[in-house]
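Asks: Here it is, the structure, as structure tokens.
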Amino acid sequence: MELQELREKAMKLPLRPGVYIMKDTKDAIIYIGKAKALKNRVSQYFGSQKHHTEKVRQMVQHVDHFDYILCESEFEALVLECSLIKQHQPKYNILLKDDKGYSYIRISHEPWRRISFVMQKNEDGAEYLGPYMSAWYAQNAVDGALKIFGLPTCHKRFPQDCGKGRPCLNYYIKQCCAPCSGKVSQEDYDERVRSAVDFLKKGDSESIRRMTEQMNAAAEHLDFELAAKLRDRILAVKKITQKQQVVATRLQEQDAVCLMTDKGDAAFAVLRFAEGRLYDKEDFLLKDSGAADDHAALRAEFLKRYYAMRGNPPPVITLDEPPQEEALLLDWLTELRGRKVKFLYPQKGEQQKILEMCRRNAAERLAQSHGHLGHELSALDELASLLGLPEAPEFIESYDISNLMGSENVAGMVVFRNGRPYKSAYRRFAVKGFVGQDDYASMQEVLTRRIEEYFKNKDSGEGFGRLPDLILLDGGKGQVSAVREVLQRFQIDVPLYGMVKDSHHRTRAITDEGREIAITAKRQAFTLVSSLQDEVHRFAISYHRAARKKHSLTSSLTEIEGIGTERAKSLLAYFKTLKRIRQAEIEELMQAPRMNRPAAEAVYRYFHSEGENANENPEELG
């Protein structure tokens with residue numbers, strides 16, 4: 001059907017709750033959704049495409065016809081929608097790959113036994129612990145046991161490789177007993193393996209209790225070497241346990257869910273807690289999700305897909321922001337669980353720390369897919385949230401003015417791309433519009449020239465031909481107001497803020513013309529903004545110093561008869577240093593722009609005549 005025909009059919013739908021099913025020319029289901037009023041919701045797809053996301057536009061292009069199922073309520077429609085999506089897996093719905101399977105801990109059956117994490121159980125004579133539903137938990141348990149009891153993680157074979165080379169780094173940081181050194185008896189190694197298996201089977205508290213009894217018994221029998229060894233293992237178990245407590249919660253059972261978006265892609269991370277402790281972590285990457293357009297709708301869609309797949313939602317789900325149709329979603333989760341479910345949106349305390357950990361995991365998953373680092377993406381997302389930006393800024397431009405009592409007035413522009421310095425885009429400006437010290441007027445001139453370059457080069461989309469996603473000025477409200485006038489004059493809509501320092505010249509806040517936004521509590525955003533402010537200040541200062549040095553060198557050349565300011569600048573631009581000017585012959589000096597033979601001879605005589613000039617140290621001048 002044509003778009004107009006589809007719209008006409010949609011306009012005949014009843015204003016009742018139901019589920020709509022979009023199909024392509026082959027009658028394959030490509031999208032399933034639910035609506036409170038079918039006519040209103042379905043007709044939106046086939047009206048103006050201007051406000052649709054790219055993903056929705058693509059879906060609409062492939063719709064040939066649609067069906068619908070009437071329901072008694074919106075809640076009934078939601079339940080049916082989840083069931084049908086799970087059954088048909090339509091192309092344009094959010095689909096989560098359920099790659100969860102049982103995992104095991106394997107203890108090999110050989111003289112020098114090895115402990116490892118595996119995804120399946122084989123009939124190979126080895127001992128298997130499990131199955132575990134959480135591969136993440138099983139992997140972490142194995143890693144912890146190997147570190148605590150000093151067991152090898154390498155692929156060396158024992159006893160064949162014993163004594164054949166030096167131990168690796170793990171031995172020197174006390175995370176491996178290094179049987180490869182040939183100094184560990186098989187009895188001692190077996191005892192370590194038995195203790196590690198006991199730890200994995202019975203948990204840290206029981207393992208500590210048993211090792212404490214053994215330590216006390218060894219001390220009573222004056223076997224102080226064994227007692228010290230057991231004491232160290234007890235401390236290692238406690239250390240691992242303390243690290244786990246960092247991600248513990250007073251709530252017995254809960255999930256934490258966070259969303260990160262970047263360039264149309266999205267990543268969700270889920271941390272799952274049981275008995276007050278983290279026991280599982282999952283992350284999901286959603287490519288081309290149209291994520292930047294509607295985070296609330298994306299969260300709602302993910303929660304429906306995730307708990308339809310996993311089942312048994314916990315009593316508390318901690319979220320970074322509310323999902324669309326929050327009340328309806330809670331009713332569905334409560335029905336699914338059989339008991340009440342609630343959402344939390346923490347701003348501080350234990351729950352906020354859990355949420356921050358979840359956000360870092362989502363950022364890391366998304367960053368890996370784009371070749372970035374997770375902490376950079378997380379910092380940008382935190383900054384965007386602070387400033388109310390629709391998405392994390394990819395390009396940030398920052399400006400600073402540098403002068404000495406109004407002399408050599410210059411500016412530096414640095415660019416950060418995806419949270420990293422993008423040095424090929426750095427630019428320097430010599431302020432030319434006036435003489436004297438006026439930081440506000442300097443900022444206005446620099447930004448005016450920058451935007452004029454944008455209009456000259458915007459067809460290229462590169463360098464000055466691309467506008468930034470955010471402008472940060474080294475300064476306060478005055479600088480922001482001055483530059484705001486420039487942006488408004490050119491009708492440029494780019495978020496603009498100033499970076500404010502405290503009395504110790506450390507970044508304190510971000511400001512616009514009416515308020516200050518404290519960033520010290522947001523660690524990652526604070527680090528990013530501080531780095532930006534330090535970098536633009538360094539860049540502007542280095543340019544100012546270079547300009548002052550060049551001015552000083554130019555002034556020394558103007559002492560030569562027949563050499564004015566322009567010829568002096570030309571000589572320095574051509575030869576780069578006074579040392580090279582001093583060493584040049586007359587014919588070489590004449591090659592510089594603006595130079596002629598009388599001027600070249602004058603310069604040559606100045607540096608080669610007997611007396612004070614001839615003894616000057618060119619290294620100091622150059």
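Since every read-out is calculated from the coordinates, none of them should be taken as a lab result. Bear in mind the structure is a predicted one, so any value in this text is a computation, not a measurement. Cβ sites come from the backbone with ideal geometry, for glycine too, and all protein chains shown count toward neighbours.
Asks: Sort ARG339, ARG594 so the one with the fewest other Cβ atoms within 10 Å of its own Cβ comes first. If you can, show how the numbers build up before the last one.
Replies: Details: ARG339 10, ARG594 15.
Neighbour counts put them in this order, fewest first: ARG339, ARG594.
Asks: Considering the dipole of the chain built from charges on the beta carbon (Lys and Arg +1, Asp and Glu -1) around the Cα centre, which of VAL500, LEU386, PHE539 is farthest to its positive end?
Replies: Among VAL500, LEU386, PHE539, the one farthest towards the positive end of the dipole of the chain is LEU386.
Asks: Give the Rg/Rh ratio for the range 395-537, taking Rg as the radius of gyration of the Cα atoms and Rh as the Kirkwood radius, to two decimals.
Replies: On the way: Rg = 14.5 Å, Rh = 15.4 Å.
For the range 395-537, the value is 0.95.
Asks: Separate question: Place a +1 charge on the Cβ of each Lys and Arg in the range 253-371 and a -1 charge on the Cβ of each Asp and Glu, then give the dipole magnitude about the Cα centre in debye, rounded to the nearest 20.
Replies: Working: 18 positive and 21 negative charges, 75 e Å.
It comes to approximately 360 debye.
Asks: Can you sort SER83, SER442 by how many other beta carbons sit within 10 Å, fewest first?
Replies: Working: SER83 13, SER442 25.
Ordered by Cβ neighbours within 10 Å, fewest first: SER83, SER442.
Asks: Pairing the Cα long axis of helix 349-370 with the longest principal axis of the chain, what angle in degrees results, from 0 to 90 and rounded to the nearest 10?
Replies: Computed tilt is about 70 degrees.
Asks: State, as an integer percentage, the relative contact order of the chain based on alpha-carbon contacts under 8 Å between residues 6 or more apart. Display every interim value, and only then the final one.
Replies: On the way: 1021 pairs, mean separation 41.7, N = 622.
Taking the mean separation of contacting Cα pairs over the length of the chain, I get 7 percent.
Asks: Then there is this: Once you place label points 7 Å from the Cα toward the Cβ at MET1 and GLN491, how far apart are they in nm?
Replies: 4.0 nm
Asks: A further question on this structure: What ratio of Cα Rg to 2.2 N^0.38 Å holds for the range 3-88?
Replies: On the way: Rg = 12.3 Å, N = 86, 2.2 N^0.38 = 12.0 Å.
Ratio of Rg to 2.2 N^0.38 Å for the range 3-88: 1.03.
Asks: Next question, about the same structure. For the range 115-182 and the range 328-401, what is the centre-to-centre distance using only Cα atoms, to the nearest Å?
Replies: When both Cα centres are located, 35 Å separates them.
Asks: Moving to a separate point now. State the Cα centre-to-centre distance between the range 462-529 and the range 23-45 in whole Å.
Replies: That distance is 44 Å.
Asks: Sticking with this structure for a sec: Give the list, by residue number, of cysteines in the chain with no other Cys Cβ closer than 4.7 Å, or say none.
Replies: For the chain, the answer is CYS71, CYS82, CYS154, CYS162, CYS168, CYS176, CYS177, CYS180, because their Cβ atoms have no other cysteine Cβ under 4.7 Å.
Asks: Follow-up. Taking the 0 to 90 degree range and rounding to the nearest ten, how far is the long axis of helix 295-310 tilted relative to the main principal axis of the chain, both from C-alpha atoms?
Replies: 30 degrees
Asks: Report, in deg cm²/dmol and to the nearest 500, the calculated mean residue ellipticity at 222 nm for the chain, where each DSSP H run with n ≥ 4 adds -39500 (n - 2.57) and the sum is divided by the residue count.
Replies: Working: 20 runs with 283 residues, N = 622.
Here the helix-only value at 222 nm equals -14500 deg cm²/dmol.
Asks: For the chain, take the longest principal axis of its alpha carbons; what is the angle in degrees between that and the long axis of helix 186-220, to the nearest 10 within 0 to 90?
Replies: 90 degrees
Asks: Can you tell me the Rg and the Dmax, both Å, for the Cα atoms in the range 346-458?
Replies: Rg then Dmax for the range 346-458, in Å: 18.9, 55.
Asks: May I pose another question? Which order results if VAL536, VAL431 are arranged by neighbouring Cβ count within 10 Å, fewest first? Mind dumping the intermediate values first?
Replies: Values: VAL536 26, VAL431 22.
Sorted ascending by nearby Cβ count, the order is VAL431, VAL536.
Asks: Relative to the compact-globule scaling 2.2 N^0.38 Å, provide the ratio for the alpha-carbon radius of gyration of the chain. Please list the in-between numbers first.
Replies: On the way: Rg = 34.3 Å, N = 622, 2.2 N^0.38 = 25.4 Å.
Normalised Rg, Cα atoms only: 1.35.
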